[in-house]
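The values are calculated or read from the model by the stated rules, or taken from the named source; none is laboratory data. All values reported here derive from a predicted model rather than from experimental measurement. Note: ideal-geometry Cβ built from the backbone for every residue, glycine included; neighbour counts use all protein chains shown.
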Amino acid sequence: MTSPLVSVISLNFNGGTWLPRCLESLSQQTVLDRIQIIVADNASTDGSDQLARDLLARVGTEGKVLQNGANLGYCEGNNRGAAPATGKYLLFLNTDTWLEKDCIERLVTAVEATKADAASPLVLDYDNDNFQTNGAAGFDLFGYLTGPKGPSPKGTIFAAPGCALLVKNDVFQRVGGFDPEFFMYADETDLAWRLTLCGAVTITVPEARVHHRGAVTANPKGGEKVVEFRTNEMVRFFATRNSFLVILKNAQHLLLLSCFSQGLWVCLEMFAVLAITRRWSTIRHTYLRAFADLWRLRHHILRERVRVHKLRKHNDFWMLSFLRLRPGRWQDVEKILRLGAPTVNPSKF
């Protein structure tokens with residue numbers, strides 16, 4: 001293949017349970033002859049890097065496994081995977097997903113018809129057709145991604161989900177890819193801000209369908225189906241720290257105020273977690289450590305603000321068109337009502 005249309009970047013870390021169905025669904029795509037598949041492996045210890053090589057040998061299109069040599073996280077792991085990609089489009093695809101047969105074709109067709117720069121498919125539960133997301137319509141007063149309770153209508157949105165994110169290769173490179181300092185969580189939010197600020201357009205394509213498990217490492221119980229609300233200290237640390245990083249890096253002036261409202265929300269969450277776990281160590285290892293790490297990253301934040309300023313085509317007042325009143329974290333409240341109070345496990349990181 002001299003010029004693939006889409007380079008699929010699938011980041012793997014001990015994903016042996018999920019890789020077979022993910023890669024099989026890619027082998028059944030209607031545009032298989034235009035697809036390049038790159039599995040970037042973050043030093044898996046379950047043999048799934050070799051499993052990926054064996055599976056790719058049977059897919060029937062150009063494919064390779066890149067060994068990153070260490071667990072570089074979602075951001076740098078995907079950047080490494082994207083570096084040798086030659087497709088016009090990049091599709092960042094989690095291993096705990098599977099695509100319906102015409103998913104990639106429908107995504108690309110919609111992007112080219114609208115001249116958009118990035119796109120979100122409709123993301124459904126792994127084992128059924130229950131709705132998860134089809135991208136975020138905007139951000140709320142706290143700076144978190146948000147959207148309507150059900151699917152957003154076809155058209156422009158603010159952010160595509162990180163589990164299945166299509167973006168033009170040249171645009172991804174122009175905005176600097178994923179920020180390695182994020183490691184994981186809120187990475188798609190940061191990318192969405194930079195894409196939007198530089199004038200790129202993201203759309204949602206509901207007819208392109210992906211099935212996604214989600215949280216397979218932090219919340220593995222239930223196999224293909226999520227049966228409880230379980231998280232850990234590492235997840236809460238990165239989610240908390242990175243949500244502030246997004247605003248501090250990308251907001252110009254007015255939207256920096258969302259750091260204060262986000263701080264109030266985090267304080268409420270911190271007290272709730274303390275009441276649930278009754279462990280002061282969890283507060284120290286997650287929330288207090290997150291604030292301390294923001295100070296460590298102060299020079300990185302300043303450098304990024306300078307770089308983002310050079311990319312910027314839209315100011316904060318224009319960005320207010322993506323402000324939505326529905327709280328983005330309301331989905332966590334709905335999850336608690338459905339699955340019960342969350343379990344927060346200690347974790348070493």
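Can you find a residue that is in contact with a helix residue (DSSP H, G or I) (Cβ under 7 Å, 6 or more places away or on another chain) and farther than 21 Å from residue 209 by Cβ anywhere in region 146-155?
No, the conditions are met nowhere in region 146-155.
Are there any helices (runs of 4 or more DSSP H) wholly within region 1-111 with 2 or more residues that are surrounded by fewer than 18 Cβ atoms within 10 Å (Cβ to Cβ) and modelled with pLDDT of 95 or more, and if so which? Before the answer, list the steps.
On the way: elements: 19-27, 48-56, 73-82.
Of the helices (runs of 4 or more DSSP H) lying wholly inside region 1-111, those with at least 2 residues that are surrounded by fewer than 18 Cβ atoms within 10 Å (Cβ to Cβ) and modelled with pLDDT of 95 or more span 19-27, 48-56.
When the residues of region 141-161 are filtered to those that are in a loop (DSSP other than H, G, I, E, B) and touching a strand residue (DSSP E or B) at 6+ places or on another chain (Cβ under 7 Å), which remaining residue is surrounded by the fewest Cβ atoms within 10 Å (Cβ to Cβ)?
At the first step, the residues of region 141-161 found to be in a loop (DSSP other than H, G, I, E, B) are 141-144, 147-154, 158, 160-161.
Next cut, touching a strand residue (DSSP E or B) at 6+ places or on another chain (Cβ under 7 Å) only: 147, 150-152, 154, 158, 160-161.
On the way: 147: 23, 150: 8, 151: 17, 152: 21, 154: 15, 158: 26, 160: 29, 161: 23.
Once the filter is applied, the top-ranked residue is 150.
Where residues in region 1-35 are of a type in the set (A, V, I, L, M, F, W, C) and touching an Asp or Glu at 6+ places or on another chain (Cβ under 7 Å), which of them is nearest to residue 75 (Cα to Cα)? Steps first, please.
To start, the set of residues in region 1-35 that are of a type in the set (A, V, I, L, M, F, W, C) comprises 1, 5-6, 8-9, 11, 13, 18-19, 22-23, 26, 31-32, 35.
With touching an Asp or Glu at 6+ places or on another chain (Cβ under 7 Å) added as a condition, the list becomes 1, 18, 31.
Details: 1: 27, 18: 20, 31: 27 Å.
The extreme case among them is 18.
Taking region 320-333, which residues are surrounded by fewer than 11 Cβ atoms within 10 Å (Cβ to Cβ) and under 15 Å from residue 145 (Cβ atoms)? Outline the logic, then answer.
Quick first cut of region 320-333, residues surrounded by fewer than 11 Cβ atoms within 10 Å (Cβ to Cβ) only: 325, 333.
The one that is surrounded by fewer than 11 Cβ atoms within 10 Å (Cβ to Cβ) and under 15 Å from residue 145 (Cβ atoms): 325.
In region 127-140, which residues are part of a loop (DSSP other than H, G, I, E, B) and crowded, with 17+ Cβ neighbours inside 10 Å? Let's see the steps before the verdict.
To start, the set of residues in region 127-140 that are part of a loop (DSSP other than H, G, I, E, B) comprises 127-130, 134-135, 137, 140.
Selection gives 134, 135, 137, 140.
Out of the residues in region 192-214 that are crowded, with 24+ Cβ neighbours inside 10 Å and within 15 Å of residue 93 (Cα to Cα), which is modelled with the lowest pLDDT?
Applying the filter and picking the extreme gives 213.
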